Amino acid sequence: ADLRGRRKARSQPVARLFAPVPLMPDKTYLALGDSMSIDDYTGVKGGGAVAQFFKTLGAEWKLDDRTYDGCQMEGVPRNGRGDLITLTIGGNDLLWHKEKYLREGLAEFEAEHSELLAALRNANPDATLIVGDIYAPAAPLDALESAALEQANAIIHANCQQVDARVARIYDAFQGHEATHLCLGIEPTLAGARAIAELFREALLLETAD
C-alpha cells in the first residue's frame, strides 16, 4: 500500500507537466466609435453591442475597446491595430453639425469619413473591417433631415466599398423598432445593442465584403 502511494505521489507532477495549456488570446478585436457600441444606455454591464459581439468570438480573441460616448470622426483613434475592427461613427457628426450639413451639403462628411476608413485600412491592411451605418432617431425627421440621413448612409456604404469594409446595416435593422431599440430618443437599448451585435456577427461571417 505504501509503495502504491509513493508511485501515485511521484506521478502527479508528471501529469501536471503534460496537462493541456490554456490557449492565450492571439487575435485582437479592435472596437471603435460612439454610443451605438457602448454599454452605457443598455442598463447592463456588458450589454453594449461590442461586449455582446465579443462574447461570440471565442477564447482566441482579446478585446481592445476604444469606443466612447459622443465620439465623432475626428476623435476616432487612428493608431489601433486589430485582426477584426468594428466602427460605429457619424451620428454625432450629423447631430452636432446638422445646420451646416443641411445648408452646405455633405461633402465634408464624405471626405472625413473616407479619410477615416482609409487610415484604418492602411494601418490594418489584412483586418476584417465592419462599419455601421446610422439609424434614425425615434422622433420623426423632416424631409430635409431624412434626405440628409439617407445620403449620409449612402456615403458610408460607398466609402466601405473603397476600402473593402463590410457594412452593418443598422438603419434597416432599427426601422420600425424604435420603441424597443432606442431610449432617450437616440441611444441604443439592450435590445438595440443586441441587434447591432447580431449585424456585426452576420458581417463577420460573410465570405466577401458588402
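Listed here are the helices (runs of 4 or more DSSP H) enclosed by the range 169-210 that have at least 2 residues being of a type in the set (S, T, Y) and either exposed (fewer than 15 other Cβ atoms within 10 Å of the Cβ) or within 14 Å of the chain's Cα centre (by Cα) (or both), and there are none.
Could you please find all residues in the range 51-94 being closer than 19 Å to R169 by Cα and either of a type in the set (K, R) or assigned to a helix (DSSP H, G or I) (or both)? Matches in the range 51-94: A51, Q52, F53, F54, M73, G91, N92, D93, L94.
All told, I130 falls short of being in a loop (DSSP other than H, G, I, E, B), surrounded by 14 or more Cβ atoms within 10 Å (Cβ to Cβ) and of a type outside the set (G, A, S). Just one of the listed residues (P188, P140) is touching a His at 6+ places or on another chain (Cβ under 9 Å) and at pLDDT 95 or above, namely P188.
Residue-by-condition table, conditions (1) surrounded by fewer than 18 Cβ atoms within 10 Å (Cβ to Cβ); (2) without any contact (Cβ under 8 Å) to a residue 24 or more places away in the chain:
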position: K27; (1), (2): yes, no
position: V44; (1), (2): yes, no
position: G58; (1), (2): yes, yes
position: W61; (1), (2): yes, no
position: R78; (1), (2): yes, no
position: L84; (1), (2): no, no
position: W96; (1), (2): yes, no
position: L117; (1), (2): no, no
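Of all residues in the range 36-50, which are closer than 9 Å to A193 by Cα, among the aliphatic types (A, V, I, L, M) and part of a loop (DSSP other than H, G, I, E, B)? The answer is M36, I38. On inspection, Y135 passes the criterion of being in contact (Cβ under 8 Å) with a residue 40 or more places away in the chain, open to solvent by 10 Å² or more (accessible area, probe 1.4 Å), aromatic (F, W, Y) and not in a helix (DSSP H, G or I).
All of L63, L102 fail the test of being among the hydrophobic types (A, V, I, L, M, F, W, C) and within 22 Å of L206 (Cβ to Cβ), apart from L63.
The values are calculated or read from the model by the stated rules, or taken from the named source; none is laboratory data. Just so we're clear, the structure is a prediction, and the values are computed from it rather than from any experiment. Every residue, glycine as well, gets a Cβ built from its backbone with ideal geometry; the counts of neighbours run over all protein chains shown. Remember, those area values only see protein heavy atoms, side chains included, never the ligands or the DNA or RNA. Shrake-Rupley method; radii C 1.70, N 1.55, O 1.52, S 1.80 Å.
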